[in-house]
Structure formats: structure tokens, C-alpha cells
Amino acid sequence: MSLWLILLIVLFVIALLGALTLWVSSRRVFEQRAESWPTIIAKIENVYVDYLPREVRSRRLRDYGAQKSNVVLAYSYSVADTYYSGKIRLDADEPYISKIEKELVGTQINIRYNPDKSEESIFLDETIQDWSVVGDYRSKPWTWLANYLDY
């Protein structure tokens, strides 16, 4: 193997680690900033199943025995007589949707919203009743980075 190829691989790995570090740190910064946002009551309006992309699904199933889908809660809230919405992904898959729908639709939750961009909200708790939250919909690296650079 040539020296240039080894150097190129090393630089690629360093760049990948740097991007991962930036994503994780920007996510933490975003969550810390969101903790200072006003809290408002939101209502869970709907529940649906979100299927993972095939490549993610096959890797997760092979490596971890993970589910192929997640149950997603859709909520709404109002700020200054304008309605907005958000989504929360739960650590539950399709067989639990009926149970979750019966338990949670119509339930009120506390979310935080950005006072400068009222359409931007986040649910920071780790559970809703006994259901674990696995993610907020701003989990894509470029979205977290955009929020991080906005401030």
C-alpha cells in the first residue's frame, strides 16, 4: 500500500471523527439552549408508525436485534393564537401502536418552544408515561448543525 493511500485513509478517518464530534456537541448545545426556552402545554393528536430505511433496518436487526419501526407521536401547541406541531419518536414498534394510541392520544405534555421561532419545539423528557423516547425529529446531523449555527 502506498504512503499516499495510507495518508488519505488516515485523513478520512480524522475528518469522520471530527464530523461526529461536531454533531454530538452541537446536539448537546442545542438541548442546553432549549432548556431555557419557555414551557408550554401540547396535546398529543395522533400516533403513527415510522418504518426505518432498509439499510438502517438491516444493520440494526443484524447487529442489535432492534425493531424495524418506531411509533411516533404527533403533538400540537399554540403560541399567540397560532398552532404549531412537533413529533416524538418512541422506543416501541408497530405491535404497540393500538395500546399507545389508547393511552396517549389526547394527553397533554410539556414541551419547550423557541420564543424567536415558535414553530421550533422539543420534548426534552426521556419518557412519556412508561414509554421511552428515543429521539426528537431534529436528529439528523445537518439539522442540529443548522440550529447550532443559528445562535
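Nothing in this text is a laboratory measurement; each read-out follows from the coordinates by a stated rule. These numbers come from a predicted model, not from an experiment. Positions of Cβ are backbone-derived with ideal geometry, glycine not excepted, and every protein chain shown enters the neighbour counts.
Could you calculate the FRET efficiency of Leu124 with Leu3 from 1/(1 + (r/R0)^6), where r is the beta carbon distance between them and R0 is 35 Å, rounded to 0.05?
Working: r = 48 Å, r/R0 = 1.38.
E(calc), rounded to 0.05, equals 0.10.
Note down the nm distance, to one decimal, between modelled labels 7 Å out along Cα→Cβ at Asn110 and at Tyr48.
The answer from the label model is 2.9 nm.
Check which residues have an amide H placed less than 5 Å from Val79's amide H, if you skip close sequence neighbours.
Result for Val79 returns Tyr84.
As a footprinting exposure proxy, order Thr82, Thr107 by other Cβ within 10 Å, with the fewest listed first. Provide the component values of the computation, followed by the final result.
Values: Thr82 9, Thr107 13.
The fewest-first ordering by Cβ neighbours comes to Thr82, Thr107.
For Asn46, what residues show an amide H to amide H distance below 5 Å, using hydrogens built from the backbone and excluding near sequence neighbours?
Placed amide hydrogens put Ala74 under 5 Å from Asn46.
Which residues does a label at Glu35 reach in region 75-118, if reach means a backbone N under 18 Å from a point 7 Å past the Cα toward the Cβ?
110-115
What FRET efficiency would be calculated for the residue pair Glu103, Leu17, taking the C-beta separation as r and a Förster radius of 41 Å, to the nearest 0.05? Don't jump to the answer; show the numbers that get you there.
On the way: r = 41 Å, r/R0 = 1.00.
Working from the Cβ atoms, E equals 0.50.
May I ask you to evaluate 6.51 cos²θ - 1.76 cosθ + 1.60, the Karplus curve with θ = phi - 60°, for each residue of region 120-131 and list the ³J(HN,Hα) values in order in whole Hz, giving x for glycine and proline?
These are the phi-based 3J(HN,Hα) values: 9, 9, 8, 9, 9, 5, 8, 9, 10, 6, 9, 9 Hz.
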